[in-house]
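The values are calculated or read from the model by the stated rules, or taken from the named source; none is laboratory data. On a predicted model such as this, the values are computed, not experimentally measured, just so you know. FYI the Cβ positions are ideal-geometry reconstructions off the backbone, even for glycines, and counts take in every protein chain you see. These accessible areas exclude ligands, DNA and RNA; they are computed on the full protein's heavy atoms, side chains included. Shrake-Rupley method; radii C 1.70, N 1.55, O 1.52, S 1.80 Å.
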Amino acid sequence: MRKKLRDRRIVAGIVLVALLAVALVWVGLALGIGHPSPSSNEVAVIQDAPDGHITIDDFNAALKQTALGQGLQQVPKPSDPQYATLKDTALANLITTRWIAGEAADRGITASDTDVQNWIKQNIGNASQFQKQAKAAGFTPDQAREQARVIVLSQELQKQVIPTQAPTVSEELVKNFYDANKSQFTQPETRDVREIVNKDKAKVDKAKAILQKDDSDSSWKKVAAKYSTDKATKSNGGLRQGVAQGQSEPALDQQISSAPTGQLVGPFKGQAGWYLIEVEKVTPASVTPLDKLESQIKQQLAQGEQQQAAATAQKSITDKWTVRTFCASSYVVQQCANYVPPTATSTGAPPVTSSSAVNPGQTTVFPGQAPTALPQGPVYPVPKQQPSVLGPGGAPTLPPGSAPPSGGTVPGG
């Protein structure tokens, strides 16, 4: 009997150990155990990305290049407020270049030496200009060529995931948009009005007595010049043209909008004094017809669909690579899977930290989505125009500190 009881206890112990082991596995998964962790000489690891192990040496080089891009000849000390921004910018850019290279590899997109060389010639210049700009930005020629390679990859990636031709917009969609936004295409009623204004009511009464006998243009010019204190209108017969509702002080606005044409109204009190007015002309409200706006609306809707496609692609790629990006504890930015958003303080506002990439310098795979501000100062490579990572016109540039994945060099330059 005792032996059976002891055996049952042993079995129960084994089961308990097994259950604890399973629980530890699940806890480990929840805490990220089993994911690649940066080694002691690395700041981040991006799974499945070319050159996905970002070393401290990579980071330090990128930090110097980022400082140069900000117009700083030396990296500030860690105690300097600028340091945190430069640090996060450099790391965010390093990660982004790996994402671009990894996504391009997954999609079979390549950039040949010829492709890179052509980009350099078109955007940088000849070999002498190329080497001069590389040196000024703190890049070796090989690093500069590899950065140009990432730019070409991002250019081709954009072509693949974002429609190059404007999508077709149906007539029904155009009409629905027009009907839903008709107020935007409506010109309000306007009125041409003459006015006398003076803080002295007796003078306004005298003006009215004269105008009741003769309210011709010439009479208004004489009366306004003599009795009105409004500097803007007293020299032109008190005339205000194209006055829409809401453009005058309340008392005056109410009288202008309700007065019949050709009749003197006033004197009445307003903020500037006593008024006498006469509405000369009323231009009714009008709506621009659809046929005059159709082309513009189609273009606007097509651009909206393209922007939505870019946003969708941006989110898809960002989500895909964020979960594959793991950063050392002192180098965590928003692109890292182990990034934890700051919690709200007792005042309800999030605390100020440097754990995430801080603008300027936060980059994205596609332009116009999340913040894409780039550091000021010389940006290498420096094309004739400086768009964002994948900029308008298909000529993207990467910010300083974006040392690209290694992978060979391009002859010449």
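Model label sites at E249 and K135, defined 7 Å from Cα along the beta-carbon direction, differ in position by 6.9 nm.
Using DSSP to call loops (not H, G, I, E or B), can you name the trypsin sites (Lys or Arg not before Pro) in the stretch 169-268 whose Cβ has at most 11 other Cβ atoms within 10 angstrom? Intermediate results must be reported in sequence, preceding the final value.
Numbers: sites: K175, K182, R191, R194, K199, K201, K203, K206, K208, K213, K221, K222, K226, K231, K234, R240; in loops: K199, K231.
Here the sparse-neighbourhood loop sites are K199, K231.
Rounded to 0.05, the FRET efficiency of the A202 and K292 pair, given R0 = 45 Å and the Cβ-Cβ distance, is 0.30. Across the stretch 205-219, coupling constants 3J(HN,Hα) worked out from phi with the 6.51/-1.76/1.60 Karplus curve, θ = phi - 60°, read 4, 5, 4, 5, 4, 5, 6, 5, 7, 8, 10, 5, 4, 5, 5 Hz, and Gly and Pro carry x. Where in the stretch 145-240 are there GluC sites (Glu not before Pro) that are in a DSSP coil and have at most 15 other Cβ atoms within 10 angstrom of their Cβ? When the GluC sites (Glu not before Pro) of the stretch 145-240 are filtered for loop state and at most 15 Cβ neighbours within 10 Å, E189 remain. Projected onto its three principal axes, the C-alpha set of the stretch 218-309 covers 64, 25, 24 Å, listed from the longest axis down.
Dipole magnitude for the stretch 188-320: about 580 debye, using +1 per Lys or Arg Cβ and -1 per Asp or Glu Cβ, origin at the Cα centre.
How much length is gained if the chain between I56 and K159 is pulled fully straight, taking 0.36 nm per residue apart and subtracting their Cα-Cα distance, in nm to one decimal?
Values: separation 103, 0.36 × 103 = 37.08 nm, distance 3.35 nm.
Contour length minus Cα-Cα distance gives 33.7 nm.
Distances between placed amide hydrogens fall under 5 Å for G270 paired with Y275, all partners being 5 or more residues away or on another chain. In this structure D217 has an accessible area near 80 Å², from a 1.4 Å probe over the protein heavy atoms. Toward the positive end of the charge dipole of the stretch 215-276, with +1 on the Cβ of Lys and Arg and -1 on the Cβ of Asp and Glu, the farthest Cα among S219, A272, Q247 is that of S219. Between the C-alpha center of the stretch 219-282 and that of the stretch 84-144 there is a gap of 65 Å. 3J(HN,Hα) couplings calculated from phi for the stretch 191-196 with the Karplus curve 6.51 cos²θ - 1.76 cosθ + 1.60 (θ = phi - 60°) are, in sequence order, 9, 8, 9, 9, 8, 10 Hz; Gly and Pro show x. Pick out, from I162, G102, F139, the residue whose Cα sits farthest towards the positive end of the charge dipole of the stretch 100-169, with +1 on the Cβ of Lys and Arg and -1 on the Cβ of Asp and Glu. About the Cα centre, the residue reaching furthest to the positive side is F139.
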